[in-house]
1. Go through 87, 68, 112 for me and flag whichever is in contact with a helix residue (DSSP H, G or I) (Cβ under 9 Å, 6 or more places away or on another chain), buried (at least 19 other Cβ atoms within 10 Å of the Cβ) and in contact (Cβ under 8 Å) with a residue 12 or more places away in the chain.
2. Report whether or not residue 39 is more than 30 Å from residue 106 (Cβ to Cβ), within 41 Å of the chain's Cα centre (by Cα) and modelled with pLDDT of 90 or more.
3. Looking at 99, 141, 132, 153 in this structure, which one is surrounded by fewer than 19 Cβ atoms within 10 Å (Cβ to Cβ) and closer than 18 Å to residue 67 by Cβ?
4. Scan (1) part of a helix (DSSP H, G or I); (2) out of contact with any strand residue (DSSP E or B) (no Cβ under 7 Å at 6 or more places or on another chain); (3) at pLDDT 85 or above for the single condition residue 91 breaks and write down its number.
5. If you check 17, 82, 3, 24, which single one turns out to be part of a helix (DSSP H, G or I), loosely packed, with under 10 Cβ neighbours inside 10 Å, over 23 Å from the mean Cα position of the chain (by Cα) and at pLDDT below 90?
6. When you scan the stretch 51-61, do you find a residue that is without any contact (Cβ under 8 Å) to a residue 12 or more places away in the chain and over 24 Å from residue 158 (Cβ atoms), even just one?
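The values are calculated or read from the model by the stated rules, or taken from the named source; none is laboratory data. Source: prediction; values computed, not measured. We place every Cβ from the backbone using ideal geometry, glycine too, and count neighbours over all the protein chains shown.
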């Protein structure tokens, strides 16, 4: 009787000693689905990082224009006009004594060049609303991969001196 009991235990141990082919396939499928999920999350993370970087650049560019407006408060409605290279930049070698409107156009010219250089299909615009204090709406638009056109807007009120 002892021999059959020992033989029965030994046979049971041998039967559960490894994985079957079905178990191995199920494990492979579960791991594959998990890896696909990780890859998708990685791709979304890269996309979100790129979008965050573009938004940060756009906010910084809008803030730069807001600072230019604060420095040249008398430029007012000229900031909503067309930009032009008026050679007003002393750091760029220009020695021209510009009016506030000429300086505003020059600021727009340089700023639009920065927007175009730093953002894909980047474009910037400034809208002016007369009032007390005057209100400027600074808009930066660019194309984001997978999203399309994206716009960042900053509204500032800058009282005249």
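1. 68
2. Here the answer is yes, as residue 39 does meet what is asked.
3. From the options 99, 141, 132, 153, the qualifying one is 153.
4. Every listed condition holds for residue 91 apart from (3).
5. Going through 17, 82, 3, 24 in turn, the sole match is 3.
6. yes
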